[in-house]
Each structure stands twice: as structure tokens, then as C-alpha cells.
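Report on one structure; see the data block that follows.
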Amino acid sequence: MDDSCATSDLLTLEQALSQILSELPAIDAYERVPLKHALNRITYKAVHAAIDVPNFRNSSMDGYALRSIDKHSKVLNIIGTSWAGKPFTKPIADNECIRIFTGAYVPDQCDCVVMQENVHRIDETIHLTQWPVEGENIRQVGDDTQKGQLLFAKGRSLQPADIGLLASCGIADVAVFKKLNVGFFSTGDELVPIGSQTKPGQIFDSNRYTLHALLETANITPTDLGVIPDDPIAIESALIAASNACDVIITTGGASVGEADYIVDILKKMGRVHLWQIAIKPGKPLVFGSINETAFFGLPGNPVSVMVTFQQIVQPALQTRAGLQQNQTPITLQAKTAETIKKQPGRTEFQRGFVENINGELVVHSTGNQGSHIISSMSKANCLIVLEQYAANIEKGQHVNIQLLTQSL
């Protein structure tokens, strides 16, 4: 069955994401944090180097620091040693040299370093088997970074190498955007907390635990607001409290068109609905809006729909809201299908897959039942198989786009 007619008036994923990002400016609040707490934090303003790195000439080898004007001498006298952290600072005259180690200060009179493998040493003299050229094996001032150089622009998510670079410049703390506080709750009379006894018709609420993990992985402060019953007054009260305490609100369930789906009508009453329903599967009923200055995302209730809509829409939006200038998009690769994949035209579809490298070629398998309630198929997956909006069935052996869910295969 082709559902393209039923979805022709829906926004595409790209259109929806573009609209959402345009309506979510970064929250203009910052704090200074020490480097050890700056990993994955987003720079609030540009960061410049305060010093040259290195700020003195130093050796890149264990060897001997020389003057190239002495290159016609057969023997050089060793008059001292320059250690890392313990520089040799005395004058160096004709036909003299010093022993030097990696990272050690190179005296002003020396303009090259010979590696120790190219030297014959006898007592306190050396004979070179190969002379270095001027500047060889010397790290110059500012080789790495120069004073005043831009290290990071505003909106950079600081990674481990970035932390090391800041430390090398003597920067002890950095101004970063404050972490977002995202409040979330599930809706549904059928949901019960873990640890209780389920009655017929009841299920354990998994979505809150999934969202908590997704938000922590994104370096965002999660605030679990519990389970709210399918009652308009209770939902409205929860949204009022959350809008006063949180930067962003996420709900799961109640966003579709059933008789107990109240989210959209309540949002229209309390705030604004910016968009509702997107041409994707799973995740069509997603709603995006706002309550005063607080952004709101209403996600479908099925667990896989929650995960897919969070990864494809909510996470990029939260990154923008948190101050990130360039969103971190999923890694997309091409893989050959190991079996026929069923697909109806009309919506961009994200199916769960497991990709592996077989003899240098990526081959992707389905993880089984693709129902949006099947959490186990998501747990088995290491990728999402991305099927274009108007594509139909994909035959075995065809190539498809995949988005990796893990950092390695």
C-alpha cells in the first residue's frame, strides 16, 4: 500500500528540522568551568592563545646542540647538558656543543641539533658522522600556537584534544554555555514504575529511562518529572510547572489523534504549536511548540519512535539551544543489504539494522521485527537503515544509506 497521498501534506524531515532550528536560538547564559570539567561543554565566546607554544626553542631529539658554523670542525667539545626543565644557559664558544634531551631548552648560540645516532662520543668530545642543517631538530617558538591566535570560536564542543590544547596554553578555565535543563515526563494510564506489580493492561514505563540515558549522553541535565495520567488537568499542571523550571520540555505519548491524546490541544491552549506530524517512520506524530520561552517536544509513545525522533530531531535541536554552532550529524555510510527490505513510499523510514564488515564491504542485516514497540530490535542494532521518502521495497544486494549508532563496527 502506498501512503504517499496520506503524507503529501506533511513536512519532510529536512523541512521540519530546518524550521525547528530556526526557532530555537541558544540560551544566552554562561559559566566558567575548570578544564577538568570542560569536556563536551560548548564555548560561550572565542578563545585565544595567551602565549606562544612552545614559548622557547627546544629540541625534538635526544642528541647534541651545535652551531652550524662549526661544521668544518672534526671534533667538538661537550661543555654541559640541557635537560627538560633544567636548561643550560652558559655561553657556547667555537667548537663547543652541549648534550641535550627531547624538550630541553636550546641555547641562543645553537642553531641545530644532531641526533645521538649520528655521533661518535669519546669522553667529553664528539665526532659527527652526519651534520644537521640549520634549524634541524629544533622546535621553534610558536610552532604549535602563537600568542593571540584563535584557538576556538564561539559554539565549539570541547573534546579531549581541545582540553589538552587549552592546558598547553596555560588556560585554567573557560567560559561555556550553561547546560540545558531538560524536563521530561511520560503520559499514559497504562504506565507503572519499575518495581511495582503490573495488572492486566499495564506496562512498565521504559521511555523515561531511555530519555534519561539519551540526555546524559548528550551532556544535558535531565530532570525526570515522572508519569502523568491521561488527564488534561494533570497534564496541564505538569506542563506549567515544567515550563517554569526547565529550558526544554519533552513528553512521550499523547501526541497522536486518539481520544486520550491530549498533548496537542493542551499545547494550543497553553502556548503555541509550531509544527505537528512529520513524514517519517517511526515518529510521524511528533509535535514541536513552546510554552512561554520554554521549547516543547511531544514525542510518540512507542519506545522506538522515542529513540528515532530524539536522534533525528530533538538532539540537533538541543545542540542548537545549548549553543553549538555546528550540529554533530550522525555518521552516514553505504552498505549492501543482506535481504529484501520492505518499504512503502510516502515517508522517510528508519529501520533498525546490524552492519558488519565482510571482506572489506559493509553488509547490513535487519534486526528483525520493525514494529515501533519492539525495543529489543533497537538494542540489537548498531545502525539505522535510512530509506528515502518515496522509495519502495529494497531488493537484496542493493545499497542503502545507514547511520551508525556506535563509534566503531
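Values for this structure:
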read-out	value
Taking region 165-250 and dividing mean pair separation by its residue count, relative contact order in percent (alpha carbons under 8 Å, at least six apart)	40 percent
Rg followed by Dmax, in Å, when region 58-139 is reduced to its Cα trace	10.9, 31
The chain - mean residue ellipticity at 222 nm from DSSP helices (-39,500 (n - 2.57) per run, n ≥ 4, rounded to 500)	-5000 deg cm²/dmol
Links that overshoot a 27 Å alpha carbon limit, given the list LYS178/LYS281; LYS45/LYS147; LYS336/LYS380; LYS36/LYS178; LYS178/LYS269; LYS36/LYS154	LYS178/LYS281; LYS178/LYS269
Three-way shape label, region 1-110, alpha-carbon gyration tensor, a/c 1.5	prolate
Relative contact order (%) - criterion: Cα under 8 Å, at least six apart; region: the chain	17 percent
Inter-probe distance in nm under a simple model that places probes 7 Å from Cα toward Cβ, at GLU216 and GLN398	4.0 nm
Least to most buried among CYS112, CYS383 (fewest other Cβ within 10 Å first)	CYS112, CYS383
Calculated P(r) of the chain - Cα pairs past 26 Å, %	66 percent
Summed residue charge, Cβ within 14 Å of ASN207's Cβ, Lys/Arg positive, Asp/Glu negative	-2
Cα centroid separation - region 383-402 against region 18-79, whole Å	44 Å
Likely footprinting exposure, ILE402, ILE374, ILE220, fewest C-beta neighbours within 10 Å first	ILE374, ILE220, ILE402
Rounded, prolate or oblate (a/c below 1.5 giving rounded, otherwise prolate when a/b exceeds b/c) for region 349-409 by Cα gyration tensor	oblate
Relative contact order, percent, region 58-139 [alpha-carbon distance under 8 Å, six or more residues apart]	41 percent
Estimated distance in nm for a label pair at GLN344 and LEU21, the labels positioned 7 Å out from Cα along Cα-to-Cβ	3.0 nm
Extreme residue, positive dipole direction of the chain, given options ILE263, ILE280, VAL306 (C-beta unit charges)	VAL306
In sequence order, calculated HN-Hα J values of region 160-172 (Karplus, 6.51, -1.76, 1.60; Hz; x Gly/Pro)	x, 5, 5, 4, x, 5, 4, 5, 5, 8, x, 8, 8
Packing-based exposure ordering (other Cβ within 10 Å, fewest first) of GLU190, GLU361	GLU361, GLU190
Amide H contacts of GLY301 (H built 1.01 Å from N, under 5 Å, at least 5 apart or other chain)	GLY253, GLY254, ALA255
Extension reserve of the HIS373-GLU134 stretch, reckoned as 0.36 nm per residue once the Cα distance is removed	79.1 nm
Length released on extending from GLU31 to ILE78, taking residue separation times 0.36 nm less the Cα-Cα span	11.6 nm
Listed peptides 63-73, 278-288 by packing density, highest first (mean Cβ within 10 Å)	278-288, 63-73
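Bear in mind that the values in this text are calculations on the coordinates, not laboratory data. Everything numeric in this text was worked out from a predicted model, so none of it was measured. Note that we place each Cβ from the backbone using ideal geometry, even for glycine, and neighbour counts take in every protein chain shown.
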